[in-house]
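Accompanying notes for the structure given below.
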Amino acid sequence: MTTSPPVLEVNGLMRSYGGGKTLFRKEKPVIHAINDVSFQIAEGETLGLVGESGSGKSTTGRAVLHLETPDAGSVRFRGQELTTLAGKALKPYRREMQMIFQDPYSALNPRMKVGRFVAEPMVVHGTESGSALQDRVAELFRLVGLDPAFMSRYPHEFSGGQRQRINIARAIALKPAFIVADEPITALDVSIQAQIVNLFQDLQDQLGLAYLFIAHDLSMVRYLCSRVAVMLRGRIVEIAPTEQIFSDPRHPYTQSLLAAIPVPDPDRRRPPRPPFDVSRNIPPREAQMAEVAPGHFVLDHPIQ
Amino acid sequence: MKHFFRDLCRSKAGLFGAVLLAIIVLLALFAPLLHLPDPTRGDLRARLAGPTWSGLFSPGAHPLGTDEVGRDILSRLIHGSRMTLMVASTAVVLGGIVGTFLGILAGYKGGLVDRILMRLVDIQLAIPLMLLALLVVAALGPSITNVVLVLALTSWIRYARIIRAQVLSLREREFVQSARAIGASTLRIMFLHILPNVLTPALVVGTLELARVIIMDAALSFLGLGVQPPTPSWGRMLADGRVYLSSAWWTVTFPGLAIVLTVLSVNLFGDWLRDYFDPKTRSAK
């Protein structure tokens, strides 16, 4: 494991939907969106979170930031328990943890000038005002590679990549220690993806940010993350340093994910292998993580 | 704004509605400058005089005729439009403010607040609006303030429903989530992030409501519960003139026509406005 103290510790996080029988409604079946999710992120580290759609990646990110209230489990930021806090008590921690969203189009308020949008976190927390605020917004625009002259424009005048830069500027405005990036490049053109990923790295170097990087694209994860967690049906099935996941995947689901990465060489064919049957291998609730190598944990459950 | 007028000119119905409405509003606004006969002073020698177009600009001319006490109908129509438009627009704006706010509250807060507000809407929808209006005006007494309040009361539910539906989808949009993530207060999110994004639908509901409220205002004054005589009002003119319908058609026809044209112009303009702001019909152009 990493030596520096964790900026974020998540333990046994649960979140389910459904249930809730009322007078007029029948009880809906309970779905465990995330079940017993635990991980740690060190200061300045990037943890990748991968898995198929609906595996609970985004719910994990949102539950960590308290955008969704977890049913059980604990989220600690630099040792402070967050799940028991609410309202005003949570506000100081909002400064330290931010989110970057998948869809740069719906992440900007269409009726708000982007300069004001980027300035909003600082207005809400009262950190800057007046001309200092204007200067800081201009500085943030330059930091993410945008012309500060764009401040007085509306979102519809920007491209997807520019919009994502605006979102990033807003997320780093309060100098947070930790950012959840929920598939921040999925909606962008491939040529723009690389630029945004590089921006993520530059900002990490300059500001010492820790990321929880949620993604589909495993090659991008390999490039950006120091450790990777793989999610399946709301559970983390494997978590390990990036190179170890790629060189020595232990869980069959991880193996099938890695095998699905396209090989950019028409002459090389992948050896045929039976696909991993997700529906027949839902991890049972009592399954436990086992350490198979230093820092490499795999969920231990029978595989069909 | 340039797009607005260019698109408006392309729609015949929308343009017709907008021009007609503009004429009606301008006539109402500048009524005191038009040197019309006093709408409340009768001329008993000219009772129930028919419309005459000869000597149009002479002082005693009545281009649309006179009523049973010899008051000039054209003058009463134009002065009546002032009251009608003022009452209707105040009611629509008042109902709009209340309805939009409660719609945002119900949609964003959800849960118990939402359920209580929406059941309130359901209950009010179950009561015939005219009956409700009659009850309130009869209980509080007929005055302009009461009529405005009653009309606003019948109006807020339409805003609340439509705005709530909009907010339900806006609430899940990522910029609202992002505002929560930075720790913005509920009030800040409601007024800075949600309100600006529902103003367009509110405006469209407003124009369509204006048409409905004008008719209700006319109906209330027809029943004698609106603006009190001698102040001219369209509904009252209809009520007073209907006795003479067989002998003096102009006493009823012109106020009726005024109501129809006003409501028609507002509806045409409102329909066009709805299409104009709807991204689906817009992109088709």
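Observations
- For the stretch B:1-99, projected area of the alpha-carbon convex hull averaged over all directions, nm²: 9.4 nm²
- Each label point was placed 7 Å from the Cα along the Cα-to-Cβ direction; for residue A:255 and residue A:86 their separation is 4.7 nm.
- The mean number of Cβ atoms from other chains found within 10 Å of a Cβ in peptide A:111-121 is 3, as a whole number.
- Distances between every pair of Cα atoms in the stretch A:66-119, grouped in 10 Å steps from 0 to the bin holding the largest one, split as 18, 40, 30, 12 percent.
- Computed E for residue A:67/residue B:120 - FRET, C-beta separation, R0 30 angstrom, nearest 0.05: 0.50
- Remark: spin-label model distance residue A:201-residue B:130 equals 7.4 nm, labels positioned 7 Å along the Cα→Cβ axis.
- If you model the stretch A:223-304 as an ellipsoid using its alpha carbon gyration tensor, with each semi-axis the square root of five times an eigenvalue, the axes come out at 23, 17, 10 Å, biggest first.
- Averaging 1/r over each pair of different alpha-carbon atoms in the stretch B:32-149 and inverting the result gives 18.1 Å, the Kirkwood hydrodynamic radius.
- Over chain A: Rg over Rh, Cα atoms, Kirkwood Rh: 0.99
- FRET efficiency estimate (nearest 0.05) - Cβ-Cβ, residue A:243 to residue A:277, R0 35 angstrom: 0.80
- Heavy-atom accessible surface of chain A, averaged per residue, reaches 47 Å², computed with a 1.4 Å probe.
- Cα centre as origin, Lys/Arg/Asp/Glu Cβ charges: the protein assembly as shown dipole, Debye: 1280 debye
- Binned Cα-Cα distance frequencies in the stretch B:115-223 - 5 Å width, integer %: 2, 10, 18, 17, 16, 12, 9, 7, 5, 2, 1, 0
- Centroid-to-centroid separation of the stretch A:273-304 and the stretch A:127-200 [C-alpha atoms, Å]: 39 Å
- Alpha-carbon Rg/Rh ratio, for the stretch B:83-170, with Rh computed the Kirkwood way: 1.03
- Surface/4 estimate of mean projected area, convex hull on alpha-carbon atoms of the stretch A:20-159, nm²: 12.3 nm²
- Compactness of the stretch A:154-304 as Cα Rg over 2.2 N^0.38 Å, two decimals: 1.21
- Two-site FRET efficiency, residue B:244 against residue B:97, from Cβ-Cβ distance with R₀ of 51 Å, rounded to 0.05: 0.75
- Put the Cα centre of the stretch B:1-51 next to the Cα centre of the stretch B:242-279 and the gap is 12 Å.
- Annotation: Cα Rg of chain B relative to the compact-globule expectation 2.2 N^0.38 Å equals 1.18.
- Per-residue HN-Hα couplings for the stretch A:186-199 [Karplus 6.51, -1.76, 1.60; θ = phi - 60°; Hz; x = Gly/Pro]: 4, 8, 9, 4, 4, 5, 7, 3, 4, 4, 5, 4, 4, 4
- If you wrap the tightest convex hull around every Cα atom of the stretch A:106-171 and split its volume per residue, you get 78 Å³.
- Using 0.36 nm per residue and subtracting the Cα-Cα separation, the extra length available between residue B:13 and residue B:45 on full extension is 7.2 nm.
- Projected area averaged over orientations for the stretch B:178-276, convex hull of C-alpha atoms, nm²: 9.1 nm²
- Karplus-based coupling profile of the stretch A:99-110, in residue order and whole Hz: 10, 10, 9, 5, 9, x, 7, 8, 7, 10, 6, x, with θ = phi - 60° in 6.51 cos²θ - 1.76 cosθ + 1.60 and x standing for Gly or Pro.
- The reciprocal of the average 1/r between distinct C-alpha atoms defines the Kirkwood hydrodynamic radius, which for the stretch A:143-200 equals 12.2 Å.
- Where both bridge residues fall in chain A, DSSP classifies roughly 60% of the beta bridges as antiparallel.
- Tail weight of P(r) past 43 Å, computed on alpha-carbon pairs of the protein assembly as shown, percent: 42 percent
The values are calculated or read from the model by the stated rules, or taken from the named source; none is laboratory data. Remember, it's a predicted structure, so these values are computed and weren't measured experimentally. Cβ sites come from the backbone with ideal geometry, for glycine too, and all protein chains shown count toward neighbours. Remember, those area values only see protein heavy atoms, side chains included, never the ligands or the DNA or RNA. Shrake-Rupley method; radii C 1.70, N 1.55, O 1.52, S 1.80 Å.
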